[in-house]
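Below is one structure, written out as structure tokens, with a few remarks after it.
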Amino acid sequence: MKFKCLALINLLVLQYLAILGISKGFDFFYFVQQWPGSYCDSDKFSCCYPPTGKPAADFSIHGLWPNYINGSYPQNCDPNNPFNESEISDLISNMRMNWPSLACPSSSGESFWSHEWEKHGTCSESVLDQHSYFETALSLRQQTKILQSLTSAGINPDGGSYGMENIKDAIKEGTGYTPWIECNEDSSGNSQLYQVYLCLDSSGSNLIECPVFPQGECGSEIEFPTF
Ligand SMILES: *[C@@H]1O[C@H](CO)[C@@H](O)[C@H](O)[C@H]1NC(C)=O
Ligand SMILES: *[C@@H]1O[C@H](CO)[C@@H](O)[C@H](O)[C@H]1NC(C)=O
């Protein structure tokens, strides 16, 4: 009874704040991870390994993106809060491993992270400052273990073709949440597993079922290329 009451008061306070227009400026986050094999075998991008060499054959972070329930998203929200590497110096070695840049020319990641922070991260700075923003993404990467969820279900990065429903089910089984899958095409035009979207609540603390998915369809069978 007591907890119910507290929950109700909490809800009322939240509604009151929403009515007053005191909001965080976004509704939820997409947490997006990418398969490096699909970045690199596509004609759309050219791929260059970081100076430290070929990244691990595992999903890596693309970004943590504040989004609106209506499907659109805020961007470049605060030009006065630029990326500052010295605020995240303790996270850099983890970032190099789990958030590598595959763009050309070869880069150790700073320009990628700076883009992600300035375009997306500044729009959630009322909730996550620079250090918490990057730290949250790194910890979600550890928590979600996409590759492990897939391989446990017999879905391996071997160039084979897999059912879209099986891929989603395996990730749901592993993470507890339904993902949205973005595909791209390899150089022969085959649709392949490119990015995995999961959602995080606006406080930046809990994974949630996505309130809305991005647009686009992959097809019912997609390739999972090697890397
Ligand atoms: C979506 O919602 C946001 C925040 O309420 C608003 O600023 C934006 O204009 C809306 N966009 C569309 C396409 O409706
Ligand atoms: C970057 O962050 C460091 C450590 O917090 C701070 O001392 C420095 O002034 C910041 N640099 C800029 C350009 O804001």
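The values are calculated or read from the model by the stated rules, or taken from the named source; none is laboratory data. The shown structure was predicted, so the numbers you read here are calculated from the model rather than taken from an experiment. All Cβ positions, even for glycine, are placed from backbone atoms using ideal geometry, and neighbour counts span all protein chains on display. Each accessible area value is taken on the protein alone, full model and side chains, heavy atoms only, with ligands, DNA and RNA left out. Shrake-Rupley method; radii C 1.70, N 1.55, O 1.52, S 1.80 Å.
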**Message:** Over the chain, what portion of Cα pair distances is larger than 33 Å, expressed as a whole percent?
**Reply:** 19 percent
**Burial order of peptide ranges 213-219, 148-154, 189-195 (average beta-carbon count within 10 Å, highest first)** = 189-195, 148-154, 213-219
**Message:** Given a 1.4 angstrom probe, I'd like the percentage of the accessible area of the chain that is carbon and sulfur, rounded to a whole number.
**Reply:** 52 percent
**Lys, Arg +1 and Asp, Glu -1 on Cβ, resulting dipole of the range 42-116 about Cα centre, debye, nearest 20** = 280 debye
**Fill in**
If R0 = 45 Å, then residue 87 and residue 188, at their Cβ-Cβ distance, give a FRET efficiency to the nearest 0.05 of 0.55
**Prompt:** How far, in nm, would the chain grow between residue 212 and residue 132 when pulled straight, counting 0.36 nm per residue and subtracting the alpha carbon separation?
**Reply:** 26.3 nm
**Message:** Run the paramagnetic zone check for residue 96: 7 angstrom along Cα to Cβ, then residues of the range 27-57 with backbone nitrogen under 20 Å.
**Reply:** 36, 48-57
**Asked** Stretch residue 201-residue 151 to full length: gain in nm at 0.36 nm per residue minus the Cα-Cα span?
**Response** 15.3 nm
**Ranked packing of 48-60, 92-104, 176-188, most packed first, by mean Cβ within 10 Å** = 92-104, 176-188, 48-60
**Request:** If a/c stays under 1.5 just call it rounded; otherwise compare a/b with b/c (prolate if a/b is bigger, oblate if not). Do that for the range 177-226, with a ≥ b ≥ c from the square roots of the Cα gyration tensor eigenvalues.
**Result:** prolate
**Message:** Which order do the peptides 159-167, 138-146 come out in when sorted by mean C-beta neighbours inside 10 angstrom, highest first?
**Reply:** 138-146, 159-167
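Given a 1.4 angstrom probe, what's the average accessible area per residue across the chain, in square angstrom?
The answer is 50 Å² per residue.
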**Item:** Pairwise FRET efficiency - residue 70 versus residue 119, Cβ, R0 = 25 Å, nearest 0.05
**Value:** 0.85
**Prompt:** DSSP H helices in the chain with Cα extent of 15 Å or more along the helix axis and mean Kyte-Doolittle hydropathy at least 0.0?
**Reply:** 2-20
**Item:** Amide N proximity, the range 70-89 versus residue 24 label position 7 Å along Cα-to-Cβ, cut-off under 14 Å
**Value:** 74
**Message:** Treating only the Cβ of Lys, Arg, Asp and Glu as charged (+1, +1, -1, -1), what charge dipole size does the chain show about its Cα centre? Round to the nearest 20 debye.
**Reply:** 620 debye
**Prompt:** Hey, in the GNM for the chain with a 10 angstrom Cα cutoff, which one of 82, 36, 66 fluctuates hardest?
**Reply:** 82
